[in-house]
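Trainee: Quick one: this structure, given as structure tokens, is what I'll be asking you about.
The values are calculated or read from the model by the stated rules, or taken from the named source; none is laboratory data. In this text the structure is predicted, and so the values were computed from the model without any measurement. Here Cβ is always computed from backbone atoms with ideal geometry, including for glycine, and neighbour counts include all displayed protein chains. Accessible surface areas use protein heavy atoms only, side chains included; no ligands, DNA or RNA. Shrake-Rupley method; radii C 1.70, N 1.55, O 1.52, S 1.80 Å.
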Amino acid sequence: MVLLFVESRQWVIPGDLLAKGEYAAGENVYKDGEGFYASKVGLVDFENRVIQVIAVHGCYLPSVNDLVVGKVLKVGLSEWVVDINSPYKGILFVSGASGRPFDSRRDELRDILDVGDVIIAKVLEFDRTLDPRLTIKGRGLGKAESGYVVKMTPTKIPRLIGKKGSMIELVKNRTGCQITVGQNGYILVIGKKVEDEVLAVEVIRMIERDAHTSGLTNRVGEFIGKRK
């Protein structure tokens with residue numbers, strides 16, 4: 001008897017039950033009793049009774065209340081589709097963007113947000129059967145009117161923040177930039193001068209490259225001092 005609990009090309013995370021029965025465990029899949037389980041984040045693939053997971057390294061999986069930086073990809077009839085650096089697209093409904101009533105016969109979504117706009121948002125709802133729902137209503141959230149978006153591997157975001165926020169505060173204070181760190185790996189940098197933004201971006205990329213090394217905070221401080 002064969003039982004499938006997922007569909008081909010479906011996203012899974014470690015520990016997800018994929019199937020039971022006459023299968024063979026392929027790459028990134030392990031067998032426990034009668035069940036076959038995912039060992040990594042990725043896409044399920046079935047071929048000739050072999051079940052495997054095509055791993056996606058360092059991807060962002062949303063969680064409720066995550067702060068994310070996103071880019072508007074598409075404007076719909078009552079919602080925006082947002083790139084949040086994830087296998088899932090963020091969905092921002094009008095109710096999560098505007099406090100006033102919206103009338104599709106009179107109002108135009110593009111007057112609020114258009115393709116290419118950058119937003120600071122929170123994940124309002126998410127389960128892996130539906131794309132995450134976002135909101136930009138709240139303190140510190142909304143459309144970014146300026147700045148530069150830097151992409152970092154999401155798993156290295158904690159290194160950028162540092163213990164009790166020490167690293168990101170160092171970068172903010174020494175570069176003079178306002179920096180919003182999205183847990184999805186998109187970082188919004190806003191400086192008073194272009195050269196300040198350029199320096200902040202270089203520092204962020206340095207932190208990503210050397211995240212595994214010790215003494216990084218001191219080296220970052222020295223690097224900024226030399227550049228300034």
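Trainee: Need a quick list: strands (runs of 3 or more DSSP E) entirely within the range 1-59 having at least 2 residues that are open to solvent by less than 50 Å² (accessible area, probe 1.4 Å). Walk me through it before giving the result.
Mentor: On the way: elements: 17-20, 29-32, 35-38, 42-47, 50-55.
Counting at least 2 such residues, we get 17-20, 35-38, 42-47, 50-55.
Trainee: Consider the range 34-56. How many of its residues are touching a Gly at 6+ places or on another chain (Cβ under 9 Å) and free of Cβ contacts under 8 Å to residues at least 24 places away in the same chain?
Mentor: Total satisfying the criteria: 4.
Trainee: Go through the range 140-161 and give me each residue that's surrounded by fewer than 20 Cβ atoms within 10 Å (Cβ to Cβ) and assigned to a strand (DSSP E or B).
Mentor: G142, K143, Y148, V149, K151
Trainee: Is one or more of the residues making up the range 23-33 in contact with a Gly (Cβ under 8 Å, 6 or more places away or on another chain) and at pLDDT below 95? Even if it seems obvious, please write down each step before you answer.
Mentor: Within the range 23-33, the subset in contact with a Gly (Cβ under 8 Å, 6 or more places away or on another chain) is 28.
In the following step, the residues that additionally are at pLDDT below 95 were identified as 28.
Looking through the range 23-33, at least one residue is in contact with a Gly (Cβ under 8 Å, 6 or more places away or on another chain) and at pLDDT below 95.
Trainee: Taking only the range 103-139 into account, find how many residues are in contact (Cβ under 8 Å) with a residue 60 or more places away in the chain and assigned to a loop (DSSP other than H, G, I, E, B).
Mentor: Applying the first criterion (in contact (Cβ under 8 Å) with a residue 60 or more places away in the chain) to the range 103-139 yields 118, 120, 123-126, 128, 132, 134.
Now drop any that are not assigned to a loop (DSSP other than H, G, I, E, B), which leaves 128.
Residues in the range 103-139 being in contact (Cβ under 8 Å) with a residue 60 or more places away in the chain and assigned to a loop (DSSP other than H, G, I, E, B): 1 in total.
Trainee: Right, K164: open to solvent by 50 Å² or more (accessible area, probe 1.4 Å) and at pLDDT below 95 or not? Even if it seems obvious, please write down each step before you answer.
Mentor: Working: open to solvent by 50 Å² or more (accessible area, probe 1.4 Å): yes; at pLDDT below 95: yes.
When the stated conditions are applied, K164 passes them.
Trainee: When the residues of the range 124-139 are filtered to those that are of a type in the set (V, I, T) and out of contact with any Leu (no Cβ under 6 Å at 6 or more places or on another chain), which remaining residue is least open to solvent (accessible area, probe 1.4 Å)?
Mentor: Initially, the range 124-139 is screened for residues of a type in the set (V, I, T), giving 129, 135-136.
Subsequent filtering for residues that are out of contact with any Leu (no Cβ under 6 Å at 6 or more places or on another chain) retains 129, 136.
On the way: T129: 116, I136: 20 Å².
This residue is I136.
Trainee: State whether one or more residues within the range 64-74 are within 24 Å of K156 (Cα to Cα), within 11 Å of the chain's Cα centre (by Cα), at pLDDT below 95 and open to solvent by 30 Å² or more (accessible area, probe 1.4 Å).
Mentor: No: the range 64-74 contains no residue that is within 24 Å of K156 (Cα to Cα), within 11 Å of the chain's Cα centre (by Cα), at pLDDT below 95 and open to solvent by 30 Å² or more (accessible area, probe 1.4 Å).
Trainee: All but one of (1) at pLDDT below 95; (2) not assigned by TED's automatic domain parsing to the domain that holds L92 hold for G138; state the number of the condition that does not hold.
Mentor: Going through the list (1) at pLDDT below 95; (2) not assigned by TED's automatic domain parsing to the domain that holds L92, G138 breaks only (2).
Trainee: Can we say G90 is open to solvent by 30 Å² or more (accessible area, probe 1.4 Å), outside the structural domain of V6 (by TED's automatic domain parsing) and either modelled with pLDDT of 90 or more or within 23 Å of E145 (Cβ to Cβ) (or both)? Show your work before the answer.
Mentor: Working: open to solvent by 30 Å² or more (accessible area, probe 1.4 Å): no; outside the structural domain of V6 (by TED's automatic domain parsing): yes; either modelled with pLDDT of 90 or more or within 23 Å of E145 (Cβ to Cβ) (or both): yes.
For G90, the condition - open to solvent by 30 Å² or more (accessible area, probe 1.4 Å), outside the structural domain of V6 (by TED's automatic domain parsing) and either modelled with pLDDT of 90 or more or within 23 Å of E145 (Cβ to Cβ) (or both) - is not met.
Trainee: If you don't mind, there's one more thing I want to ask. Restricting to the range 201-223, name every residue that is closer than 20 Å to G185 by Cβ and assigned to a helix (DSSP H, G or I).
Mentor: V201, E202, V203, I204, R205, M206, I207, E208, R209, L216, V220 - these are the residues of the range 201-223 that are closer than 20 Å to G185 by Cβ and assigned to a helix (DSSP H, G or I).
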